[in-house]
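Below is one structure, written out as structure tokens, with a few remarks after it.
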Amino acid sequence: MGRLRDLPNELLLLILAHLDDTDLLQHVCYFKLCARTRACFARAAPGLWRRLVRANGLGLNCLEKATEKKWKKVAFECAEHAWACDDPECGVDRLEENRETIKEMQEYWPEWDHSVDAVDLYWNLRPTSLFAQIGFNDRWPHPDADTITLSSAAVKCAFLKPNNRDLMEHHPIALRTFATIPPLESLVIDDVGSWPSVTAKNAGGATVHDALIAMSGVIGKDMTCTQLDKLMAWCGEDGYFPTDWSFRDILSATSFVGTWFQLTDWEGLELDSSSFICQFGSKRLPYTVREHLESHYGHRYPTGDYDWM
């Protein structure tokens, strides 16, 4: 630090100019070193923080206003989180994976500029691997889920798995990662349970957060008789309910379960042609309703007349 104070301004500016133009962490570190290095950024080209954030595969969600002040805030938020987070789906590991994916795409598609807004294409793009690592608190309630104020219902019940059970709100890098690279303006998420498709739109590029915001309209939604009828059609050897369950058993279980996401195992999202496809695996419910309620609610399951079980 003492040696930096002795360097002329011209040399400090030269150091800034030679930092890797895609390395967000280097730039934030240099900004934080001292007042003189911080002053160098006043001469940086406009849009520096926006370019750095996007170069790391990150963006704003559809609810945020894109301003230079906001991009700078996001840059510092993500850099500071990267140093503190050791989850392989977030932190420094996620930034490095995002940058590598961008480099691979630029080799495949040289005319694409990561610093511009989203593209309006229908390519068979791979979604970020994050989608396969997102779980929902419908099945594994987080102890703080009811006390933390979050920005959307989907984020409130979503967490990273299997590495840890931190709520997604605690992982800004994961939330801000683009859903695809290149990022797309519009993502149609198909087959969300038995409900209609939902669309995540973001002129700057749809992020993981945008996908969760779009899904918040269906996660936790009540199940109708028509939807239950569709589930009944799948009862059987490989179905979602044990073959010897009575209709009353199934109705009682679903009245507490409430959502498709609790009846199936979430396996992530895939992009098929131009649309996301939600992937679900068969989840055999416990043999009795009581066992199911105890496994889901522990000792907190609702009281009532269960003599018939």
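If R0 is 35 Å, what FRET efficiency do you get for Q26 and S197 from their C-beta distance, rounded to 0.05?
Given R0 = 35 Å and the Cβ-Cβ separation, E is 0.25.
Taking the Cβ of A206 as the centre, find all other residues whose Cβ is under 12 Å away and add up their charges (Lys, Arg: +1; Asp, Glu: -1).
-2
What is the distance in Å between the Cα centroid of the stretch 89-115 and that of the stretch 1-67?
19 Å
Hey, can you grab everything whose amide H is under 5 Å from the amide H of I189? Only 5+ residues off in sequence or another chain; H modelled, so Pro and N-termini drop out.
Counting only residues 5 or more places away or on other chains, the set is V198, T199, A200, F276.
From the square roots a ≥ b ≥ c of the eigenvalues of the alpha-carbon gyration tensor of the stretch 74-128, which class results: rounded (a/c under 1.5), prolate (a/b over b/c), or oblate?
Taking the square roots of the gyration eigenvalues as a ≥ b ≥ c, the stretch 74-128 is prolate.
First check a/c for the stretch 1-44, with a ≥ b ≥ c the square roots of the eigenvalues of its C-alpha gyration tensor; if it is under 1.5, answer rounded, and if not, answer prolate when a/b is larger than b/c or oblate otherwise.
Because a/c hits 1.5 or more and a/b exceeds b/c, the stretch 1-44 counts as prolate.
Dipole size in debye (nearest 20) for the stretch 1-44 around its Cα centre, Lys and Arg Cβ +1, Asp and Glu Cβ -1?
Approximately 280 debye in magnitude.
Farthest toward the dipole's positive end in the stretch 1-44, which of F31, L14, A44, given Cβ charges of +1 (Lys, Arg) and -1 (Asp, Glu) about the Cα centre?
My answer, from the dipole projection, is F31.
How high is the relative contact order of the stretch 24-107, given as a whole-number percent (alpha carbon pairs under 8 Å, six or more residues apart)?
Contact order relative to length: 29 percent.
What list of ³J(HN,Hα) values in whole Hz, one per residue of the stretch 108-115 in order, does the Karplus curve 6.51 cos²θ - 1.76 cosθ + 1.60 (θ = phi - 60°) give from phi, with Gly and Pro shown as x?
6, 9, x, 6, 6, 10, 5, 7
Rule-based calculations on the coordinates, nothing more; no lab input. None of these values were measured; they are calculated from a predicted model. No Cβ is skipped: glycine too gets one built from the backbone with ideal geometry, and neighbour counts run over all protein chains shown.
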